[in-house]
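Remarks on the structure that follows.
The values are calculated or read from the model by the stated rules, or taken from the named source; none is laboratory data. Quick caveat: nothing in here was measured; it's all calculated off a predicted structure. A quick note on method: Cβ atoms are made from the backbone with ideal geometry, for glycine too, and the neighbour counts reach across all protein chains shown.
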């Protein structure tokens, strides 16, 4: 469409944001320099998905990647250094709307989130919003604590007010 | 930023409804202190201060740690810092994935352009 862009250097990298929207929700956003149909394709073709889902910097290689992207279809991603003892993530797609919306479950445990990804195209770019809804506050806290390797009990009760308070007394 | 439910806010506001407890938080914002220190500073009994600190602790505003015979109180910010650190690491994971995804998107765009030319 825009032929002039061919010779231009690669566009600036877009910013990734993550926000805990509520007790049960995490939201990740990022804009991609391409139309929604292309970004959607990269999320729904397993041979493309596996090229970006496990970047080298995470240090954990992807062993296998299966994704049957249609309503009711299943996915399974296996990670690890030892193929005989992989760490598996799996679930099924519960909504697949081409180029605009994907919803899947995370069935590794009862505390798994439901993940919704939306693709919104504007002026040839795509705003991607990944929304994870956990079944309970404890499930999301657990996910955080699990990766953190333990969390003080008090964490359970921290609130926005404390943030404000901490910020104001911290400054004085 | 972090948002929590009304119930949780209510617990915090209840804890903060008392001038002494607000003073204790301000004090702990400057430096950690033992319950004895706090009782002296606010001119109340040790038992009275224990109760106040208990309420703040229940609301998650303060954490305490007993070393020997001294119970030290500090602002309950640690959990928040850990959450912020986790969120940043989670962001970095997605950021790394999306950098790779950028490459896939660029490649697909180029391919589409070439295919488009072929059709013409």
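Among the residues making up the stretch B:1-42, those that are within 7 Å of chain A (Cβ to nearest Cβ) and modelled with pLDDT of 85 or more are B:25, B:26.
Those strands (runs of 3 or more DSSP E) of the stretch A:18-99 in which at least 2 residues are away from chain B (no Cβ under 13 Å), considering only elements entirely within it, cover A:62-67, A:74-79, A:87-97.
Here is a yes/no grid of residues against (1) surrounded by fewer than 17 Cβ atoms within 10 Å (Cβ to Cβ); (2) within 30 Å of residue A:117 (Cα to Cα); (3) within 14 Å of chain A (Cβ to nearest Cβ); (4) at pLDDT below 90:
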site: B:57; (1), (2), (3), (4): no, no, yes, yes
site: B:62; (1), (2), (3), (4): no, no, yes, yes
site: B:94; (1), (2), (3), (4): no, yes, yes, no
site: B:111; (1), (2), (3), (4): yes, yes, yes, no
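For residue A:114, the stated conditions hold: it is surrounded by fewer than 18 Cβ atoms within 10 Å (Cβ to Cβ), in contact with a strand residue (DSSP E or B) (Cβ under 6 Å, 6 or more places away or on another chain) and in the same structural domain as residue A:17 (by TED's automatic domain parsing).
Against the numbered list (1) modelled with pLDDT under 90; (2) surrounded by fewer than 18 Cβ atoms within 10 Å (Cβ to Cβ), residue A:25 comes up short only at (1).
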